[in-house]
Amino acid sequence: MRDFEGKTAVVTGGASGMGLAFARRFAAEGMNVVLADIEADALNTQVTRLEQEERNVLGVIVNTMRRETLENLRDEAIDRFGNIHILCNNAGVASLDDAGMTSGEILGPWDVPDSTWDWVMGVNFWGVLYGCQVFIPHMLDHGEEGHIVNTASVAGLIPGGGAYGVSKHGVLALTEGIYQSFEAMGAKLSASVLCPGLVNTNIGHAERNRPSEFGAPVDPNDEAREGLLSMLSGGMDPEQVAGIVFDSIVEQRCYILPHTSWDDFVRGRVDNILARGAPLTLDFEELMRRRAAGEQV
Ligand SMILES: NC(=O)c1ccc[n+]([C@@H]2O[C@H](COP(=O)([O-])OP(=O)(O)OC[C@H]3O[C@@H](n4cnc5c(N)ncnc54)[C@H](O)[C@@H]3O)[C@@H](O)[C@H]2O)c1
């Protein structure tokens, strides 16, 4: 896709972090932008800010775990701006009681509570699938150029089977399937999967949006959160990721990997698979050395 002026982009998780940065970048390119989020106050604040900058913007409350809220989002977006050209299925959450997240005792994937599996898979995987199911038929029907960006993570490219890692592996496979289907159909659409390392966003406080039916939020003073927050605060700026995403849409790249520090691990994972042996163990000390040397991890 090369022509952005006057076209329309819809971004889920658009009130914070990377989603907000994508929406602001699309608006700066002259696009109409639709910010969709579960967090009403943050959404209103960001929509008002864009309106004050005289951008064409609409805010819609959604819970991407619920398909009907995405159907409403599509209908409201079309009513306001007409055809939709870019969809970013970006809303996502991480839970501190997931495998690999908790400080202290080692939790296996089987120890993760069902409520955490349901919430994390519900937003990170089902929310992305619902977005594709609801928007792609419209985008194929109108026949104009367009692009889908699904946010996974580097966690979708390396071993690690908590709910977060499993959900992001699902988003990767789903997006590859979508890309190949568009190619096979000769559609004017393409698809990308975004697999960042650490980005400086609010995901360390994702529990703020955890519906009560999916379990109580984990203790806000949990030691693991401190570690996560400190790692995230040194992460890449969301605006930098947005620039890389924008260029990848122009260049029709399927795989968007903003952080090169993880390349050796991704390669090592595939090597271990082909050696038919054990999964790669991540060398976190090596990652920390790279981080201390100023690399983005
Ligand atoms: N920050 C990182 O280091 C990092 C790394 C890799 C991937 N990611 C992924 O990036 C995406 C964006 O997260 P972020 O880091 O910008 O975090 P963020 O918390 O700043 O933004 C996420 C947004 O999603 C919204 N959201 C949460 N649940 C929702 C739901 N059910 N329905 C609609 N909106 C919902 C939140 O309100 C928030 O505005 C996520 O998919 C996340 O998994 C983040």
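The values are calculated or read from the model by the stated rules, or taken from the named source; none is laboratory data. Quick caveat, the model's predicted, so the values are computed rather than measured. Glycine gets a Cβ as well: all are built from the backbone with ideal geometry, and neighbour counts include every protein chain shown.
Restricting the search to the stretch 166-182, which residues are within 11 Å of the ligand (Cβ to nearest atom) and farther than 10 Å from CYS195 by Cβ? Step through it out loud before you land on a result.
Taking the stretch 166-182 and keeping what is within 11 Å of the ligand (Cβ to nearest atom), we get 167-168, 171.
Matches in the stretch 166-182: SER167 only.
Looking for something in contact (Cβ under 8 Å) with a residue 40 or more places away in the chain and under 18 Å from LEU194 (Cα atoms) - is there at least one such residue anywhere in the stretch 272-283? Among the residues of the stretch 272-283, not one is in contact (Cβ under 8 Å) with a residue 40 or more places away in the chain and under 18 Å from LEU194 (Cα atoms), which makes the answer no. Do we find that VAL171 is under 19 Å from the mean Cα position of the chain (by Cα) and part of a helix (DSSP H, G or I) in this structure? In short, yes. The residue of the stretch 20-57 that is surrounded by the most Cβ atoms within 10 Å (Cβ to Cβ), among those that are more than 27 Å from TRP119 (Cα to Cα) and charged (D, E, K, R), is ARG24. Within the stretch 166-182, the residues that satisfy the criterion of being crowded, with 24+ Cβ neighbours inside 10 Å and of a type outside the set (Ser, Thr, Tyr) are LYS168, VAL171.
Does the stretch 101-118 contain at least one residue that is in the same structural domain as ASP247 (by TED's automatic domain parsing), over 15 Å from VAL166 (Cβ atoms) and among the aromatic types (Phe, Trp, Tyr)? Explain how you work it out, then say what you get.
At the first step, the residues of the stretch 101-118 found to be in the same structural domain as ASP247 (by TED's automatic domain parsing) are 101-118.
Now narrow it down to the ones that are over 15 Å from VAL166 (Cβ atoms): 102-106, 115.
In the following step, the residues that additionally are among the aromatic types (Phe, Trp, Tyr) were identified as none.
Within the stretch 101-118, not a single residue is in the same structural domain as ASP247 (by TED's automatic domain parsing), over 15 Å from VAL166 (Cβ atoms) and among the aromatic types (Phe, Trp, Tyr).
Among the residues of the stretch 58-111, the ones that are surrounded by 23 or more Cβ atoms within 10 Å (Cβ to Cβ) and among the β-branched types (Val, Ile, Thr) come to 4 in all.
Surrounded by fewer than 19 Cβ atoms within 10 Å (Cβ to Cβ) and touching a residue at least 24 places away in the same chain (Cβ under 8 Å), is that true of LYS188? Explain how you work it out, then say what you get.
Numbers: surrounded by fewer than 19 Cβ atoms within 10 Å (Cβ to Cβ): yes; touching a residue at least 24 places away in the same chain (Cβ under 8 Å): yes.
Here the answer is yes, as LYS188 does meet what is asked.
Please state which one of CYS132, CYS88 is within 28 Å of LYS188 (Cβ to Cβ) and either of a type in the set (D, E, K, R) or in a helix (DSSP H, G or I) (or both).
On the way: CYS88 fails: either of a type in the set (D, E, K, R) or in a helix (DSSP H, G or I) (or both).
Checking each option against the conditions leaves just CYS132.
Does the stretch 68-89 include one or more residues that are within 15 Å of the ligand (Cβ to nearest atom) and more than 21 Å from the chain's Cα centre (by Cα)? Among the residues of the stretch 68-89, at least one is within 15 Å of the ligand (Cβ to nearest atom) and more than 21 Å from the chain's Cα centre (by Cα), which makes the answer yes. Within the stretch 220-227, not a single residue is aliphatic (A, V, I, L, M), in a helix (DSSP H, G or I), touching a helix residue (DSSP H, G or I) at 6+ places or on another chain (Cβ under 6 Å) and more than 10 Å from the ligand (Cβ to nearest atom). Each residue in the stretch 130-161 was checked for being within 17 Å of the chain's Cα centre (by Cα) and within 13 Å of the ligand (Cβ to nearest atom), and 12 pass. Of all residues being more than 12 Å from CYS88 (Cβ to Cβ) and of a type in the set (A, V, I, L, M) in the stretch 1-27, which is nearest to the ligand (Cβ to nearest atom)? Just the residue, please. Within the stretch 1-27, the match that is nearest to the ligand (Cβ to nearest atom) is ALA15.
So that you can scan it fast, the table gives a plain yes or no per residue for (1) more than 24 Å from ARG24 (Cβ to Cβ); (2) at pLDDT 95 or above:
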{"site": "ASN63", "(1), (2)": "no, yes"}
{"site": "ARG66", "(1), (2)": "yes, yes"}
{"site": "HIS85", "(1), (2)": "no, yes"}
{"site": "GLY92", "(1), (2)": "no, yes"}
{"site": "MET101", "(1), (2)": "yes, no"}
{"site": "ASP111", "(1), (2)": "yes, no"}
{"site": "MET121", "(1), (2)": "yes, yes"}
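Scan the stretch 98-111 for residues that are acidic (Asp, Glu) and within 16 Å of the ligand (Cβ to nearest atom) and the total you get is 1. Here are some conditions: (1) touching a His at 6+ places or on another chain (Cβ under 7 Å); (2) part of a helix (DSSP H, G or I); (3) within 13 Å of the ligand (Cβ to nearest atom). ILE249 meets all but one. Which one does it not meet? The number of the failed condition is (3).
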